[in-house]
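The values are calculated or read from the model by the stated rules, or taken from the named source; none is laboratory data. All of these numbers come straight from a predicted model, not from anything done at the bench. Glycine gets a Cβ as well: all are built from the backbone with ideal geometry, and neighbour counts include every protein chain shown.
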């Protein structure tokens with residue numbers, strides 16, 4: 001496994017672990033801030049709508065760019081801001097803003113990430129199998145530990161953990177700038 005792929009997988013593992021902490025108990029979090037199921041589904045819809053529209057528009061630009069590693073780092077940076085933003089969510093309106101920020105994060109990160117990841121190896125099925133494995137393990141761990149943390153320590157501690165993991169993801173992704181052509 002080359003260095004680029006390692007950095008991408010490690011960064012994404014922390015990012016997915018962060019999101020996985022809240023994922024399965026998201027609707028409970030929304031009720032804690034005074035929302036209901038419709039607010040939870042609307043917030044998720046805003047995330048997906050933002051991600052869908054902006055991904056399409058940015059991917060056209062990113063495809064022409066020689067700075068894919070920078071797009072990945074910027075995406076993790078925006079995601080970090082979104083995760084930190086959860087610490088300030090106290091209403092459905094602030095939740096909607098955080099979801100839009102997170103939608104922007106994946107819009108910037110994902111097309112460049114996927115292009116870098118796909119071009120970084122000879123065994124494409126194996127490489128994507130490794131990514132899927134990391135994805136499932138990170139989300140599985142996040143789901144379990146997220147419930148554990150929220151149950152025994154509360155949502156505020158969970159949100160701090162999410163923010164911390166997203167900061168680690170961002171810092172790890174910055175290593176992409178140090179890679180040389182031979183590492184790609």
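Answer yes if at least one residue in the stretch 125-136 is crowded, with 22+ Cβ neighbours inside 10 Å, part of a helix (DSSP H, G or I) and modelled with pLDDT of 95 or more, and no otherwise. Give the steps one after another, and end with the answer.
Restricting attention to the stretch 125-136, the residues satisfying the condition of being crowded, with 22+ Cβ neighbours inside 10 Å are none.
Among the residues of the stretch 125-136, not one is crowded, with 22+ Cβ neighbours inside 10 Å, part of a helix (DSSP H, G or I) and modelled with pLDDT of 95 or more, which makes the answer no.
Can you name every residue in the stretch 82-93 that is surrounded by fewer than 21 Cβ atoms within 10 Å (Cβ to Cβ) and either in contact (Cβ under 8 Å) with a residue 60 or more places away in the chain or farther than 22 Å from residue 28 by Cα (or both)?
The answer is 84, 87, 92.
Show the residue pairs that are 6+ apart or on different chains and have beta-carbon atoms under 9 Å apart, the first residue being within the stretch 124-140 and free of Cβ contacts under 8 Å to residues at least 12 places away in the same chain, the second being surrounded by fewer than 14 Cβ atoms within 10 Å (Cβ to Cβ) and part of a helix (DSSP H, G or I).
These pairs meet every condition: 124/118; 128/118.
Residue check, residue 22 against (1) at positive phi; (2) surrounded by 15 or more Cβ atoms within 10 Å (Cβ to Cβ), all met but one. Which one?
(1)
Regarding residue 170, is this residue out of contact with any helix residue (DSSP H, G or I) (no Cβ under 6 Å at 6 or more places or on another chain), at pLDDT 95 or above, surrounded by 15 or more Cβ atoms within 10 Å (Cβ to Cβ) and closer than 17 Å to residue 16 by Cα? Break it down into steps so the answer makes sense when it comes.
Details: out of contact with any helix residue (DSSP H, G or I) (no Cβ under 6 Å at 6 or more places or on another chain): no; at pLDDT 95 or above: yes; surrounded by 15 or more Cβ atoms within 10 Å (Cβ to Cβ): yes; closer than 17 Å to residue 16 by Cα: yes.
No; evaluated as a whole, the condition is false for this residue.
Among the residues of the stretch 28-59, count how many are surrounded by fewer than 16 Cβ atoms within 10 Å (Cβ to Cβ), over 18 Å from the mean Cα position of the chain (by Cα) and assigned to a helix (DSSP H, G or I).
Residues flagged as surrounded by fewer than 16 Cβ atoms within 10 Å (Cβ to Cβ), over 18 Å from the mean Cα position of the chain (by Cα) and assigned to a helix (DSSP H, G or I) within the stretch 28-59 amount to 7.
Out of the residues in the stretch 140-162 meeting the condition of being surrounded by 19 or more Cβ atoms within 10 Å (Cβ to Cβ) and under 15 Å from the mean Cα position of the chain (by Cα), tell me which one is farthest from residue 12 (Cα to Cα).
159
Please work out which one of (1) assigned to a helix (DSSP H, G or I); (2) surrounded by fewer than 17 Cβ atoms within 10 Å (Cβ to Cβ); (3) modelled with pLDDT under 95 is the condition residue 122 fails and give its number.
Every condition holds for residue 122 apart from (1).
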